[in-house]
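See below for the structure under consideration.
The values are calculated or read from the model by the stated rules, or taken from the named source; none is laboratory data. Quick caveat: nothing in here was measured; it's all calculated off a predicted structure. When we count neighbours, we look across all protein chains shown, and the Cβ atoms used for this are built from the backbone with ideal geometry, even at glycine. Ligands, DNA and RNA are stripped out before the accessible areas are found, and what is left, the full protein with its side chains, is counted by its heavy atoms. Shrake-Rupley method; radii C 1.70, N 1.55, O 1.52, S 1.80 Å.
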Amino acid sequence: MKKQMMSLAAIALLASCASGDLKLNENNIDEIVEAMTLEEKALLITGVGMDRQDTLNLTATIGESADLVPGAAGSTHAIPRLGIPAVVLSDGPAGLRINPTREGDENTYYCTHFPIGSLLSSTWNQELVEEVGKAIGNEVLEYGADVLLAPGMNIHRNPLNGRNFEYYSEDPVLTGKTAAAYVRGVQSNGVGTSIKHFAVNSQETNRTGTNAIVGTRALREIYLKGFEIAVKESDPWTVMTSYNYLNGTYTSESKDLIEDVLRGDWGFKGTVMTDWFGGKDAVAQVVAGNDMLQPGRITQYTDIVEGVKSGKLDIADVNRNVKRILQLIVRSPRFKGYKYSNKPDLEAHAKVTRQSATEGMVLLENKGTLPLAENTKKVALFGITSYDFIAGGTGSGNVNRAYTVSLVEGLKNVGYTVDDAVKGQYEKYLEEVKAAKAKEEEKDPAAKRLAAFMPPVLPTEFVPAKADIAAAVASNDVAIITLGRISGEFADRTTANFNLSKEEKSLIDAVSGAFHAAGKKVVVVLNIGGVIETASWKNTPDAVLLAWQAGQEGGNSVADVLSGKVSPSGKLPQTWPIKLEDHASTKNFPRGEDWGLDLSAFMGGAIETEAKALKEFWDYSNHEEGIYVGYRWFDKQNMNVSYPFGYGLSYTTFEYSDAAVKAEGDKISVSVTVKNTGKAEGKEVVQVYASAPASQLDKPVKELKAFAKTKSLKPGESETLTMVVNAADLASFVEESNSWEVEAGTYKFLIGASSRDIKATVETEVAAKSTKVNQALKAQEFIKK
Ligand code: BGC
């Protein structure tokens, strides 16, 4: 296809009139648009395409395109006669994703694998996220890419979404603020970002064919709000539309979404691109204001050219989009002739990821066990992922890194001795599993290729024999068990993946039983990318640390926390339910494998027919819970949870005092003094929730409106935090009037250490305020089953 596209480019160039001296610059974009032929415009709108020889269409789905930066997901066409360079677009959220090696080249092009999105949001620390963004953006710049296809910022509607690890939270404010910090950091390098996937990409199952049916209020308040915050607070260069239909229209074909809301209501000035091969109708996409169609197909090129020629497509729409692409190009390092080094400071970035990861780890349980006591030296390390630590998820959210520090290495690096007998057993088991898998793959090369893109299935957990555990008790001071999960694009997780396996349960029981009988402690480390079941087992061990997937320095970061070098200060960016069914969304979420269907096989089209039997989970998804996503739902139902939104322990304790509120004009300042009352140094995350007065509208019990984190407080030290809420942020969206309405009355501001640990409440009067927006995004009725 690429060859065909190139020959079309050549024809376009030949057909064009003599170029003269006209070359693109920041001030002559209109003139350039004028000078471009229709064919050149169509080329610029459609990316350079990909080599799509493989029948499973896999490289087509996660890109391997451009020659400029091998392994980048895509690029635009260069039009040399007008001085228009190609710009390179490359994944992704946890760091730049390019090929680490190149044919005939001895150099390596590894990038740093930073922590996953859910860990970054767990820091609740916008400065830190900005620092991480800065380091990622530097790799984008120094490896010659122009736009990073990140951050991913879809709402964690349900724990089973296979890409939740790339995303931030169930709450739009935490999502939007984290994304904005990330974008500011990346873009401070003079490269672009693409906030994605706009919008309501709530699931991976049939992601290019499913219709998200969502009410307008839920759209505005939950699913779009984070994007709105990111656009207004960080000015991302680009936005990537999503794969799914939204209320019956592909998001990339939705003028309502792109022109009326994103650009009209929010003032977005950048460029919009499709997700890779997203949408169906190129003409509709151009009309909708989806400027770039990536990675570009030959049919899209011809549809645009023919569309204009036949009068179906207005050239004014084409020109408008081309202008916005050129505006992107003139900002790019490639246009500015930046001489990239291909040598970013990977050592410095390894330090950034090691340190930042510790701050997003969440201490879930601790019976005085962590940090490990000074005299703890010998560790019995259980769990397969202790030895094969997971840096991050798969697919375009993965990063081609040079190494991953496992927990065994991390513990050794800070001076612990890891039991060799236990280690030997796990390593042997992992080798056997690997050998068996290689044998299987040899028999079935197609399955092997598919497996390379799909999230891998982790081996069944290994449980050492009773006698071996007893031996480990005798010769060690403490046991650490790692439980792992991995997921990625193309597939959602399953109920079985949410729950612990029977082997995982027996590992926890057997190790805890044996170590406790000898008066020794057990720590569980969760090396996971999404929420799992914890209620049934969390009290068995003595401490539980949620380490997330902490990037390539993961083992070192966990060791820094376990040893007490750093006090954990992460808090949960989503609710951890007692069981999956407790989420309102679960009844409308695809759980194909639970019914014996491997929905991931949809890529080959193999099970589409069977899946039709589960039509409602395949073709559409009623977002019936409306705004009641995450804690908004659990609060409304007054339902017990395993861990509430915003929860996380520390090695020290904090006292809140002097809560106050001051309203000045439209600004409401909520302040509180936090004192470290414990014995260790630590940081505290403070959350401000608003609770609206009784109203005509159905309103959540409370909603996060602001948050802040203290500096690292020494024992006895205090800090006063002031968090600002704009009166307009208190508005609810009223569908009937198509406006944001702040109702007059007394608003309570709940100052919490979590959504269910409110330390102080202050209140203030707020005046009514009404803001009309563009009439757009009329919702579709939910489909009756
Ligand atoms: C993913 C995007 C990614 C793109 C390019 C798609 O499969 O959904 O997030 O940016 O591929 O690799």
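Among the numbered conditions (1) more than 16 Å from the ligand (Cβ to nearest atom); (2) crowded, with 24+ Cβ neighbours inside 10 Å, the only one that residue 126 does not meet is (2).
For the range 127-137, indicate whether the set of residues that are in a loop (DSSP other than H, G, I, E, B) and under 22 Å from residue 404 (Cβ atoms) is non-empty.
no
Those helices (runs of 4 or more DSSP H) of the range 377-465 in which at least 3 residues are within 16 Å of the ligand (Cβ to nearest atom) and either among the hydrophobic types (A, V, I, L, M, F, W, C) or over 33 Å from the mean Cα position of the chain (by Cα) (or both), considering only elements entirely within it, cover 445-453. Residues that are open to solvent by 10 Å² or more (accessible area, probe 1.4 Å) and either free of Cβ contacts under 8 Å to residues at least 24 places away in the same chain or part of a helix (DSSP H, G or I) (or both) were ranked within the range 180-215; the one that is farthest from the ligand (Cβ to nearest atom) is 184.
Considering the range 283-362, the qualifying helices (runs of 4 or more DSSP H), each wholly inside and each with 3 or more residues that are within 25 Å of residue 190 (Cβ to Cβ), run over 315-331, 346-359.
Scanning the range 141-168 for residues that are more than 11 Å from the ligand (Cβ to nearest atom) and among the acidic types (Asp, Glu), which turns out surrounded by the fewest Cβ atoms within 10 Å (Cβ to Cβ)? Among residues in the range 141-168 that are more than 11 Å from the ligand (Cβ to nearest atom) and among the acidic types (Asp, Glu), the one surrounded by the fewest Cβ atoms within 10 Å (Cβ to Cβ) is 142.
Among the criteria (1) basic (Lys, Arg); (2) modelled with pLDDT of 95 or more; (3) not in a strand (DSSP E or B), the one residue 759 does not fulfil is (3). The strands (runs of 3 or more DSSP E) falling completely within the range 615-678 that include 1 or more residues that are at pLDDT below 95 and closer than 30 Å to residue 499 by Cα map to 620-622. Among the candidates 235, 281, single out the residue that is without any contact (Cβ under 8 Å) to a residue 40 or more places away in the chain, open to solvent by 10 Å² or more (accessible area, probe 1.4 Å) and more than 16 Å from the ligand (Cβ to nearest atom). None of the others qualify; the one that does is 281.
Against the test of being in a loop (DSSP other than H, G, I, E, B) and over 16 Å from residue 648 (Cα atoms), the options 550, 510, 535, 559 yield a single qualifying residue, 550.
Exactly one residue out of 529, 513 is on the phi < 0 side of the Ramachandran plot and within 27 Å of the chain's Cα centre (by Cα): that is 529. Which residue is most open to solvent (accessible area, probe 1.4 Å), if the candidates are limited to the range 287-343 and must be over 30 Å from the mean Cα position of the chain (by Cα) and of a type in the set (Gly, Ala, Ser)? The selected residue is 310. Checked against (1) under 19 Å from residue 328 (Cα atoms); (2) touching a Gly at 6+ places or on another chain (Cβ under 8 Å); (3) open to solvent by 10 Å² or more (accessible area, probe 1.4 Å); (4) part of a loop (DSSP other than H, G, I, E, B), residue 92 passes all but a single condition, namely (3).
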